[in-house]
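**Student:** Could you have a look at this structure, given as structure tokens, before my questions?
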Amino acid sequence: MRSLTGIVALAAYTATIPAANWLIGNAGTVCVPQGPCLIPVAPGLMAPSGVLMVGLALVLRDLVQHQLGKGWAVAAILFGALLSGLLAPGPLVVASATAFLLSELADFAVYAPLQRRRLMLAVALSGVAGAVVDSGVFLWLAFGDLSFIAGQVVGKLWMTAAAMPVIAMARPLFAREAAQ
């Protein structure tokens, strides 16, 4: 039987994809004409609003892998890339799907070897890897401009940082589920 936590993480992971695509074009403190809607992520740093959901997706993908295994994680990445491409606004389809696929694979590559021995370090470092790859690829392909990269990375890392205490508190639950 699959872990309930893993199934919930998989459903939440899938939900972050349409949420990120909707946010980038519809919610922010400033919406740039022919560009993304922006939010402040640190003093003097703005980022497209979808960064929050992308940052959360990176952590949720780690949880899917931790609870359901690598096969489910890879399937979730591929489905997520397809869903991202289907739901992204027309000009952002290639950027969204490509950035999603490459960033999630980078997250996977960093997380996989670390997860068993150092879960919290695995989540933190894979979040950094995924945030940097997603930010660079998305901004370059979508807008041909990396001027929001610092804000993009910071915004995604805020979500990783916010998730860390939750993961730390849930570790005993993960251990009990694995033992059953």
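The values are calculated or read from the model by the stated rules, or taken from the named source; none is laboratory data. Quick caveat: nothing in here was measured; it's all calculated off a predicted structure. Every residue, glycine as well, gets a Cβ built from its backbone with ideal geometry; the counts of neighbours run over all protein chains shown.
**Student:** Step by step: first the residues of segment 1-54, then only those that are small (Gly, Ala, Ser) and part of a helix (DSSP H, G or I), then the one that is nearest to GLY130 (Cα to Cα). Which residue is that?
**Tutor:** Out of the qualifying residues, it is ALA20.
**Student:** Continuing with the same structure: What is the one condition in (1) over 20 Å from GLY25 (Cα atoms); (2) surrounded by fewer than 18 Cβ atoms within 10 Å (Cβ to Cβ); (3) touching a residue at least 24 places away in the same chain (Cβ under 8 Å) that VAL123 does not satisfy?
**Tutor:** Answer for VAL123: the failing condition is (2).
**Student:** How about segment 143-158: which of its residues are at pLDDT below 85 and of a type in the set (A, V, I, L, M, F, W, C)?
**Tutor:** Answer for segment 143-158, where residues must be at pLDDT below 85 and of a type in the set (A, V, I, L, M, F, W, C): PHE143, PHE148.
**Student:** When both residues are 6+ apart or on different chains and their Cβ atoms are under 6 Å apart, which pairs have a first residue that lies in segment 71-91 and is free of Cβ contacts under 8 Å to residues at least 60 places away in the same chain, and a second that is acidic (Asp, Glu) and buried (at least 19 other Cβ atoms within 10 Å of the Cβ)?
**Tutor:** Close Cβ pairs (under 6 Å, with a partner that is acidic (Asp, Glu) and buried (at least 19 other Cβ atoms within 10 Å of the Cβ)) amount to ILE77/GLU104.
**Student:** All but one of (1) modelled with pLDDT under 85; (2) surrounded by fewer than 22 Cβ atoms within 10 Å (Cβ to Cβ); (3) touching a Ser or Thr at 6+ places or on another chain (Cβ under 9 Å) hold for SER96; which doesn't?
**Tutor:** (2) is the only condition that SER96 fails.
**Student:** Within the set of pairs 6 or more residues apart or between chains, which connect a residue that is farther than 19 Å from LYS70 by Cβ inside segment 1-26 to a residue that is assigned to a helix (DSSP H, G or I) and not hydrophobic (A, V, I, L, M, F, W, C) with Cβ atoms less than 7 Å apart?
**Tutor:** If the second residue must be assigned to a helix (DSSP H, G or I) and not hydrophobic (A, V, I, L, M, F, W, C), the pairs left are ILE17/GLY80; ILE17/SER84; ASN21/SER84; ASN21/SER96.
**Student:** Since GLN67 meets every condition but one in (1) of a type in the set (S, T, N, Q); (2) in contact with an Asp or Glu (Cβ under 9 Å, 6 or more places away or on another chain); (3) within 18 Å of ALA162 (Cβ to Cβ), which condition does it not meet?
**Tutor:** (3)
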